[in-house]
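Asker: Let me give you the structure first, and then I'll get to my questions.
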Amino acid sequence: MSRTLAQMISVMGIFDGGTLEHKIMQRTGCMNYETTAWELVKPEVFERRVSYQFNRQVSTFGGEVTSTQQKSPNADTGGWTVVEVMALHGVPFADHFHVC
């Protein structure tokens with residue numbers, strides 16, 4: 001296995017719904033982090049749902065996030081492209097800013 005492939009597999013481990021992903025999200029201030037399994041929704045396109053709450057250190061207002069993530073093969077790199085659509089709930093003025 002090439003080093004690049006091994007690195008890609010390691011990074012994609014963050015998005016597999018396992019222990020590593022949950023630890024990372026908990027350490028970044030996300031509580032009650034839950035994911036569904038990746039499901040095939042189109043040929044070569046997988047989708048899952050993610051939800052969590054912000055702790056008070058991340059947002060003084062608290063708040064919740066629900067999102068849909070899709071991953072598909074990236075023909076240019078041989079890796080994956082992950083696209084996420086996120087909705088913020090319970091955050092004042094949430095419709096007046098963008099999260100990058």
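Rule-based calculations on the coordinates, nothing more; no lab input. Everything numeric here is computed off the predicted structure, so don't read it as measured data. Every residue, glycine among them, receives a Cβ derived from its backbone with ideal geometry; neighbour counts consider all protein chains shown.
Asker: So for Val45, Val50, fewest C-beta neighbours within 10 Å to most, what's the order?
Answerer: Ascending number of Cβ neighbours within 10 Å: Val45, Val50.
Asker: Applying the Karplus parametrisation 6.51 cos²θ - 1.76 cosθ + 1.60 with θ = phi - 60° to the phi angles of the stretch 38-52, what ³J(HN,Hα) value in whole Hz is obtained for each residue in order, glycine and proline being reported as x?
Answerer: 5, 10, 6, 10, 8, x, 6, 10, 10, 9, 8, 10, 9, 9, 6
Asker: For each of Leu40, Leu20, Leu88, count neighbouring Cβ atoms within 10 Å of the residue's Cβ, then give the residues from fewest to most.
Answerer: In increasing order of surrounding Cβ atoms, one gets Leu40, Leu20, Leu88.
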